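Since the structure comes first, as structure tokens, the remarks are kept for the end.
The values are calculated or read from the model by the stated rules, or taken from the named source; none is laboratory data. Worth saying up front: this structure is predicted, and the values here are computed from it rather than measured. With ligands, DNA and RNA removed, areas are computed over all heavy atoms of the protein, side chains included. Shrake-Rupley method; radii C 1.70, N 1.55, O 1.52, S 1.80 Å.
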Amino acid sequence: MAKGIASIGECMLELSGQTGRDWRMGFAGDTFNTLWALHALSPDRPATYVSAFGDDPFSRDQIAFLAENGIGVGNSPVIAGARPGLYAITLTGAERAFTYWRSDAAARQLSSDPAALAKSLENQALVYFSGITLAILDEAARKTLLTAIVAARKAGSLVAFDPNYRPRLWPTREIAQAAIIDALAVADISLPTFPDEQMLFGDSTPQATAERLGKLTGEVVVKNGEQPALIALNGASQAVDAVHVAAPVDTTGAGDSFNGGYLAARLAGHAPADAVRRAHKVAAAVVQVRGALAPFETLRMAFDS
């Protein structure tokens, strides 16, 4: 039986502000943040980050960082002359703003070798991707990606997708809508965020989001910040309260880590409502540390509390 977990997308260099003019460099990106939490909470499952990497020192450091933390890169291509994308986090209180340098990032070529991509998705219990994964690819590359995901699903992989709409990454809203609908059609679990869906599709309520996505995927969890998350499954819905954090430090990666907590719980056999409760605790722990990646032990303690 397939045991692995694979997440597809872009791992970037992350610069987070420290004291004065000092910055700390790390590695992060939405689908990588989710895999980080998933791997922490499912340590017995081989973890693979499926992307494309450059051949510069920063790319080599990325791959080494993943390996040091027990995460492989499968058959992800190494692109000669390419390099990673970069973003910087600036904080106002705990709320973050991002500045990106990613237009020529290596990850944009993650579908450049269809056979290698398909190989990376073999024997995976779970395949996860996001709207950002789609947004960094051109139309042909998106089709190649979805073809590989469909093949993995037919071979038995559970497929999870977070629409994670970021307007600046898409040429038009209509192109984003079409690409995300295509992705939802090949997913078993969708993990949208209500404000994103409201912006992209005009949904009036989380219930409207759940009903719309429920026509495409069998299991829907609508995140909504500190508001309750809404589960829609088999025509029924259930709200599960979030965990309030009185003084968050940095909200970067909270939704991504929620996804990792939820998927880890579902893979372990927990019912959806219990999985959401655990995911809320994981997200609450993440907003109490700087940067997108909390220590594994911090994530595990939150998940099991």
Rounded to the nearest 10 Å², the accessible area of D182 using a 1.4 Å probe with every protein chain kept is 90 Å²
Using alpha-carbon coordinates alone, the radius of gyration and Dmax of segment 103-196 in Å work out to 12.8, 36
For K143, counting only lysines whose alpha-carbon sits under 21 Å away and dropping same-chain residues fewer than eight positions off, the answer is K119, K154
Taking alpha-carbon centroids only, segment 20-57 lies from segment 241-260 a number of Å equal to 18 Å
Excluding residues fewer than 8 positions from K223 in its own chain, the lysines with Cα under 19 Å of it are K215, K281
Sorted list, accessible surface of protein heavy atoms, 1.4 Å probe, largest first, for I79, I63, I149 is I63, I79, I149
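Evaluate the chain: find the radius of gyration of its Cα atoms, find its Kirkwood radius, and give the ratio Rg to Rh.
That ratio is 0.93, to two decimals.
Output the antiparallel fraction of DSSP beta bridges having both residues in the chain, as a percent to the nearest 5. If you can, show how the numbers build up before the last one.
Working: 22 of 49 bridges.
Rounded to the nearest five, the antiparallel share is 45 percent.
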Heavy-atom accessible area of S305, protein chains in place, probe 1.4 angstrom, given in Å² to nearest 10, is 90 Å²
Answer check: segment 8-61, Cα atoms, Kirkwood Rh, Rg/Rh ratio of 1.05
Diffusion coefficient in µm²/s returned for segment 155-305 by Stokes-Einstein, Kirkwood Rh over C-alpha pairs, 20 °C and 1.002 mPa s, is 136 µm²/s
Over all directions, segment 1-135 yields a Cα convex hull whose mean projected area in nm² is 8.9 nm²
With the 1.4 Å probe rolled over protein heavy atoms, segment 126-196 has an accessible area per residue in Å² of 37 Å²
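Using a 1.4 angstrom probe on heavy atoms only, work out the carbon and sulfur share of the accessible area of segment 191-305 in %.
53 percent
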dims of segment 255-305, Cα set, principal axes, largest to smallest, nearest Å -> 30, 18, 14
With every protein chain kept in place and a 1.4 Å probe, segment 223-305 has an accessible area per residue in Å² of 42 Å²
